[in-house]
Amino acid sequence: MSKFERIIIYGILVISLLFSIAALCRTYPRYISYEECNLGFDYMGVIVGVLALLVGFLVAWQIYKTIDVDKKIAMMSNSSRDAIAEDMFYRGYSNGMGGNGNSFFPAMRTCVAALNLNFTEEKAACFLEVIKSYEALLENDIQLIDKTKLEIDKIRFKSEPIDKCYKILAQKKKEAKEYEKKQEEKRANKNTRQ
């Protein structure tokens, strides 16, 4: 039996039930006295009981639908949150890849926030590209390297591209320390010559 046939059958059943109740009420009106047309019981109580049962069923159905709608809203909010995180990450990525030195930290912060909302390996690999594209900016600046590392530490998920970011930063920090050491030696040699 198809769904359409069931709807038709149940609809006819409800209509016939309503007509039969209406016919009983018309044929046997409620009499308090014990005459020949008395049914022997109070059928008004039966009607009220049936109506109460219907109202109870409708209230239960409404509660069920409300819970179901809440679940659908939660699902939709998760999917919209993922879409927002996706958009946010790729905006940060495009700003980071096409920007200048001033756009590095805003792009990196945007990417980190988006990675925390919706982490994927693909995005982590793109984030590694952003870090690689700014290697020259990180050259010989220990404070900038430390600030970058602190931002990357905020990523809750760890993966191979994120580990590579840490390795790049460690290498840059090592190079920066060596550069500072050489600069200090040059200054010391310059001061001793004078």
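The values are calculated or read from the model by the stated rules, or taken from the named source; none is laboratory data. Please read all numbers here as calculations on a predicted model, not as lab measurements. Because the Cβ atoms are built from the backbone with ideal geometry, glycine has one as well, and the counts that use them run over all protein chains shown. The protein model used for the area step is the full one, side chains on, heavy atoms only, and it has no ligands, DNA or RNA in it. Shrake-Rupley method; radii C 1.70, N 1.55, O 1.52, S 1.80 Å.
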Listing of helices (runs of 4 or more DSSP H) fully contained in the stretch 129-194 that carry 2 or more residues being modelled with pLDDT of 80 or more and within 26 Å of Leu117 (Cα to Cα): 142-153, 160-193
Testing Met97 on (1) modelled with pLDDT under 80; (2) more than 20 Å from Ile162 (Cβ to Cβ), one condition comes back false. Which one is that? (2)
So which of Tyr64, Tyr43, Tyr90, Tyr31 is among the aromatic types (Phe, Trp, Tyr), open to solvent by less than 50 Å² (accessible area, probe 1.4 Å) and either at pLDDT 80 or above or farther than 30 Å from Lys132 by Cα (or both)? Tyr43
Enumeration of residues in the stretch 83-98 that are more than 23 Å from the chain's Cα centre (by Cα) and of a type in the set (A, V, I, L, M, F, W, C): Met97
Name the pairs whose Cβ atoms lie under 6 Å apart, with the first residue in the stretch 1-21 and farther than 15 Å from Ile47 by Cβ and touching a residue at least 24 places away in the same chain (Cβ under 8 Å), the second open to solvent by 90 Å² or more (accessible area, probe 1.4 Å) and of a type in the set (S, T, N, Q), and 6 or more positions between them or separate chains? none
Hey, among the residues in the stretch 1-28 that are of a type in the set (S, T, N, Q) and surrounded by 10 or more Cβ atoms within 10 Å (Cβ to Cβ), which one's farthest from the chain's Cα centre (by Cα)? Ser20
Do we find a residue being among the hydroxyl-bearing types (Ser, Thr, Tyr), under 22 Å from Ser79 (Cα atoms) and surrounded by fewer than 20 Cβ atoms within 10 Å (Cβ to Cβ) anywhere in the stretch 113-130? yes
